[in-house]
Amino acid sequence: MLDTLEAPTRLDLGTVDAAVDRAASALTKAQRPDGHWVFELEADCTIPAEYVLLRHYLGEPDDLELEAKIGRYLRRIQSAKHDGWSLFHDGAFDVSASVKAYFALKMIGDPVDAPHMVRAREAILKAGGAEAVNVFTRIQLALFAAGPWSEVPTMPPELILLPRWFPIHLSRMSYWARTVVVPLLVLCALRPCARNPRGIKVDELYSGQKPRRLSQAEDPKWLWTTGFNALDRVLKAGDGLWPKGLRKKAIDTCVSWVVERLNGEDGLGAIYPAMANSVMMFDLLGYPEDHPHRAIARKSVENLLVIHEDEAYCQPCVSPVWDTALASHAMMEAGGEANVARAQAGLDWLKPLQVLDVEGDWVDQRPGVRPGGWAFQYNNAHYPDLDDTAVVVMAMDRAKVADRMPIERGLEWTVGLQSKNGGWGAFDADNTADYLNNLPFADHGALLDPPTADVSARCVSMLAQLGEPLDSPRMAAAIDYLRREQEPEGSWFGRWGVNYIYGTWSVLCALNAAGLPPEDPTVAKAVAWLKSIQNPDGGWGEDCDSYALDRKGHTPAPSTASQTAWALLGLMAAGEADAPEVERGVAWLAANQGADGLWGQEHYTGGGFPRVFYLRYHGYPKYFPLWAMARYRNLKRSNDRRVSVGM
C-alpha cells in the first residue's frame, strides 16, 4: 500500500464501479466452498513464541521444519529500530514480548552470540531485564524454572469455591479472564516444571536490578492496590497451609469447569492462552496424551497454526463468524445478482452456528434470558458475543431472509444483555467490577468486559434497523449512554478496533439508524472531528498508541485501507456523501487498490487488550474498502443521501 500517495482531487464514478467490481471479484475468490469467509488473524510475537515453548514444556518430539518457519517469522518481525519486538507493526519496544521471542528463538536453536540475539538481549537489559516483564510472562518463565514463582501473584485454586457475593469471584471477571485463569489456578498451585529436553533457560536476560513494573490498568486506586498487595503477601505467607481436602476439591472443581467448556477442537474459550493452559493442566494432572480431554485440547491449539512456505505463526484465535458477517454486508452493498448470492451463501453458513441451546456464563448475570447469540469463532457456545450477534442479525434482516426466527432470537438475547447504564459489553452484562483491575494479577488492565461505545453502537444499529422506536426505554437509555461516552473533541473510544476512528464510525452508524439528524449536535461534532483528522493524502490512519493511558485521543498514523473505510462509512452515515472529504477518501482507496483487487495493510487496526494486545485482521482491508466504495457509488446515484441500514 502506498501510504503517501496523493489522491486525485476529482473522482469519476466509472472508476469507482471498476474498483468495486475488482474488489468483489477478489472477495468472491476468497470465499470457502461452503459459503463462509475466514482470514488470518495475526497478533504479536507472543503467541507463536508461546507455542514453541508449549511444545518444549510438554517435551514433544521435535518438529524442526515447523520451528525453523516460526523462527524465520520471529526474526522478520524483530524491529530494526529498537532491536526488540513490538505489540503491533512498527510499534515501540515491549519488554515482555521481547523476552518471550528471545526465549523461543533460543529454544529453537539460535546462538546467543548471533547478532540479532545480541541486539535483542541488550535492548531487554536496557529496559530492566526479565525482572520487568508482566505477570503472564513471569508465569511463563516460572514454568521453565527460568524465573522465581515468588514473583508471581498468588491466585489459589480455592478461588473457584468462593460464593458469588465474594468481591473476588470468577463471575465478576471477563470471559477471557475466566477461561485463562481457571486452568492457571491449578498450574500456579502445583508449580510444575517444564520437561524442557534441551535444558534452555534465559539467565542472561536478568539484570540483577530491582524490577520497575507498571500496570496497564486505567485509573488504578491506591487503596485497592495496597489492599490487594497486602492480601497477596498474606496468601504467600500461608502457602502450603491449605487443608489437603479443600485443595483437592478446588482443583477437581477447576478441572470440571474446564471440561464443561472444553469446546471440542475449537478449544477452551476458543482463544490460545486458555487452550494452552488447559493442555498444561491436563498434563500436570497425569492425563496421558491419548486421553480424550487432553488430546482434543492439544488439537485445538494445533488448529490455530498458519503455515506458509517459508514462515509459520500461531493465531490467537480464528474469526470466521466475524469475517463472514462483515464480508456478507460488503457483498450486499456491492449489489448485483452474483454478489448478493455470495452474501446469501455466507448467511446460510452462519444460520446453524447460532447458539440456541447453551446457557453460557452470561446467564450468571441474566438468568431467564434465552440463548440466541453468535460467537466469533467456529464454535464457542459458552461465549457468544453481542458484536457478532448484532452484525449477523443486521445482515440477515437486510437480506430479507424468509426464516425470521434467528433474527428474533438474536434480538431477544441482545436486549436481555443490556447493562444497567444503557450500554452493552461484548460478552456479559454489567461486568463492571473496576476494583478487580487493581489485583496484582491484573497488570494487563483487561480483567473486565464493561459496556463500550463500539459494541453498544452495534446493538443500537441492530435495534434501529429492526424498527425499535427512538423513544422506547431501552433505546433511550442506549442513546443516552452513547451521548455520555462521546469524547470532548467529538469522537468515541473504540475498544475492539483502533481506535477513535473505529468507535466514531460505529456510533455514527447507530445514531443515523436510530433517526438522529445530521444537525444533531452530537452528530455534527463527530463529523467535524472526523474531517479534521483526515490525512493530507486523503485517507485516514490512527496508531495503536492512541490507547495510551493519558487518553490524549487520536494519534495520527499513515493512511490505512480499513481505517479510511471506517471514516468514510461514518461520514456517509451522517449524510456527508457529497462532502469533498468523502470524495478524496474514496479516491485514496481507488488509487491504492492493488492489481489483485484488494488492499495491502501491515498496520494493526484490531483491538485485543488496549496497551497490551493488538490484532491484525487480514480480512479488514479486503471487505471494508469494498463496502465503503460501493456505498459511496450507491448514494451518489440515489436521490436520497441517507443510509437506510444499521451499518
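The values are calculated or read from the model by the stated rules, or taken from the named source; none is laboratory data. Since the structure is predicted, the reported quantities are computational estimates derived from the model, not experimental observations. With ideal geometry, Cβ positions are generated from the backbone for all residues, glycine too; neighbour counts draw on all protein chains shown. Calculation scope for accessible area: heavy atoms of the full protein, side chains included, ligands and nucleic acids excluded. Shrake-Rupley method; radii C 1.70, N 1.55, O 1.52, S 1.80 Å.
Residues in region 509-527 that are outside any loop (DSSP other than H, G, I, E, B) and within 12 Å of ALA573 (Cβ to Cβ): CYS509, ALA510, LEU511, ASN512, ALA513, ALA514, VAL523, ALA526, VAL527. Tell me which residues, restricted to region 602-618, are more than 9 Å from the chain's Cα centre (by Cα) and crowded, with 24+ Cβ neighbours inside 10 Å. Passing the criteria: HIS603, TYR604, THR605. Tell me whether region 458-473 contains one or more residues that are surrounded by fewer than 20 Cβ atoms within 10 Å (Cβ to Cβ), without any contact (Cβ under 8 Å) to a residue 60 or more places away in the chain and either in a helix (DSSP H, G or I) or among the β-branched types (Val, Ile, Thr) (or both). Yes, region 458-473 contains at least one residue that is surrounded by fewer than 20 Cβ atoms within 10 Å (Cβ to Cβ), without any contact (Cβ under 8 Å) to a residue 60 or more places away in the chain and either in a helix (DSSP H, G or I) or among the β-branched types (Val, Ile, Thr) (or both). Set side by side, the residues GLU333, GLU337, GLU289, GLU309 differ, and just one is closer than 27 Å to ASP44 by Cα and of a type outside the set (Phe, Trp, Tyr), which is GLU309. Scanning region 19-36 turns up at least one residue that is closer than 25 Å to ASP537 by Cβ, out of contact with any strand residue (DSSP E or B) (no Cβ under 7 Å at 6 or more places or on another chain) and open to solvent by 20 Å² or more (accessible area, probe 1.4 Å).
Condition check: in contact with a helix residue (DSSP H, G or I) (Cβ under 9 Å, 6 or more places away or on another chain) and surrounded by 21 or more Cβ atoms within 10 Å (Cβ to Cβ). Does ALA43 satisfy that? Break it down stepwise before answering.
Values: in contact with a helix residue (DSSP H, G or I) (Cβ under 9 Å, 6 or more places away or on another chain): yes; surrounded by 21 or more Cβ atoms within 10 Å (Cβ to Cβ): yes.
When the stated conditions are applied, ALA43 passes them.
Within region 140-191, the set of residues being surrounded by fewer than 19 Cβ atoms within 10 Å (Cβ to Cβ), free of Cβ contacts under 8 Å to residues at least 60 places away in the same chain and more than 19 Å from ASN438 (Cα to Cα) comprises ALA145, PRO148, TRP149, LEU162, PRO163, ARG191. Checked against (1) at pLDDT 95 or above; (2) on the phi < 0 side of the Ramachandran plot; (3) open to solvent by 10 Å² or more (accessible area, probe 1.4 Å), ASN437 meets all criteria but (1).
Filter region 97-121 down to the residues that are open to solvent by 10 Å² or more (accessible area, probe 1.4 Å), more than 15 Å from ALA80 (Cβ to Cβ) and not basic (Lys, Arg) and list them by number. Before you say what the answer is, go through the steps one by one.
If we filter region 97-121 for residues that are open to solvent by 10 Å² or more (accessible area, probe 1.4 Å), which is where we start, we get 100, 106, 108-116, 118-119, 121.
Then drop every residue that is not more than 15 Å from ALA80 (Cβ to Cβ), which leaves 100, 106, 108-114, 121.
ILE108, GLY109, ASP110, PRO111, VAL112, ASP113, ALA114, listed by residue number.
Considering the conditions (1) within 30 Å of PRO610 (Cα to Cα); (2) modelled with pLDDT of 95 or more; (3) open to solvent by 10 Å² or more (accessible area, probe 1.4 Å); (4) under 24 Å from the mean Cα position of the chain (by Cα), ARG55 is excluded by exactly one of them, (4). Just for region 390-402: of the residues that are open to solvent by 10 Å² or more (accessible area, probe 1.4 Å), in contact (Cβ under 8 Å) with a residue 24 or more places away in the chain and of a type outside the set (Val, Ile, Thr), which one is farthest from ILE479 (Cα to Cα)? Ranking the qualifying residues of region 390-402, first place goes to ALA399. Consider region 337-367. How many of its residues are among the basic types (Lys, Arg) and either farther than 17 Å from LYS29 by Cβ or open to solvent by less than 70 Å² (accessible area, probe 1.4 Å) (or both)? The number of residues fulfilling the criteria is 2.
Please go through region 506-521 and give me each residue that is open to solvent by 10 Å² or more (accessible area, probe 1.4 Å) and either under 28 Å from the mean Cα position of the chain (by Cα) or of a type in the set (D, E, K, R) (or both), ordered by number. Give the steps one after another, and end with the answer.
Just the residues of region 506-521 that are open to solvent by 10 Å² or more (accessible area, probe 1.4 Å), to begin with: 512-521.
ASN512, ALA513, ALA514, GLU519, ASP520, listed by residue number.
Only one of the numbered conditions (1) part of a helix (DSSP H, G or I); (2) over 25 Å from the mean Cα position of the chain (by Cα); (3) farther than 26 Å from ASP239 by Cβ; (4) not charged (D, E, K, R) is not met by TRP176, and that is (2).
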